[in-house]
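Colleague: This is the structure I want to talk about, given as structure tokens.
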Amino acid sequence: MAKAKKVKLKLKTHKGAAKRFKLTGTGKVMRHHSFARHILTSKASKRKRRLGKAAELAPANVGQVLRMLPYGN
């Protein structure tokens, strides 16, 4: 009788996280700002400009996000 071969399972990417976070070439996790979709008339131009740019994820949350993105999507 042949011995069963052990197979290492692939890890699944959390698709919600893959759509929300991006990894840079240096390994930083980038996120998008909230409050930039509607009711923009009451927000200053400077604020809207800053909200349109990506921001680096806080160090406290990096580990949690990296676990959801095992292959660095």
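The values are calculated or read from the model by the stated rules, or taken from the named source; none is laboratory data. As the structure is a computational prediction, the values presented were derived from the model and not from experiment. Using ideal geometry, Cβ is built from the backbone for each residue, glycine included, and neighbour counts are taken over all protein chains shown.
Colleague: Give the residue that is surrounded by the fewest Cβ atoms within 10 Å (Cβ to Cβ), with candidates limited to residues of region 1-50 that are among the small types (Gly, Ala, Ser) and more than 25 Å from Asn61 (Cβ to Cβ).
Modeller: Checked region 1-50; the qualifying residue surrounded by the fewest Cβ atoms within 10 Å (Cβ to Cβ) is Ala2.
Colleague: Among the numbered conditions (1) without any contact (Cβ under 8 Å) to a residue 24 or more places away in the chain; (2) outside any helix (DSSP H, G or I), tell me where Tyr71 comes up short.
Modeller: Checking Tyr71 against (1) without any contact (Cβ under 8 Å) to a residue 24 or more places away in the chain; (2) outside any helix (DSSP H, G or I), the one that fails is (1).
Colleague: Can you report the number of residues in region 1-58 which are among the charged types (D, E, K, R) and either touching a Gly at 6+ places or on another chain (Cβ under 8 Å) or not in a helix (DSSP H, G or I) (or both)?
Modeller: Going through region 1-58 one residue at a time, the tally reaches 13.
Colleague: Where residues in region 56-70 are small (Gly, Ala, Ser) and over 9 Å from Val29 (Cα atoms), which of them is surrounded by the fewest Cβ atoms within 10 Å (Cβ to Cβ)?
Modeller: Result: Ala60.
Colleague: Checking Gly63 against (1) within 29 Å of Leu9 (Cβ to Cβ); (2) touching a strand residue (DSSP E or B) at 6+ places or on another chain (Cβ under 8 Å); (3) modelled with pLDDT of 95 or more, which test does it fail?
Modeller: If we test Gly63 against (1) within 29 Å of Leu9 (Cβ to Cβ); (2) touching a strand residue (DSSP E or B) at 6+ places or on another chain (Cβ under 8 Å); (3) modelled with pLDDT of 95 or more, just (2) comes out false.
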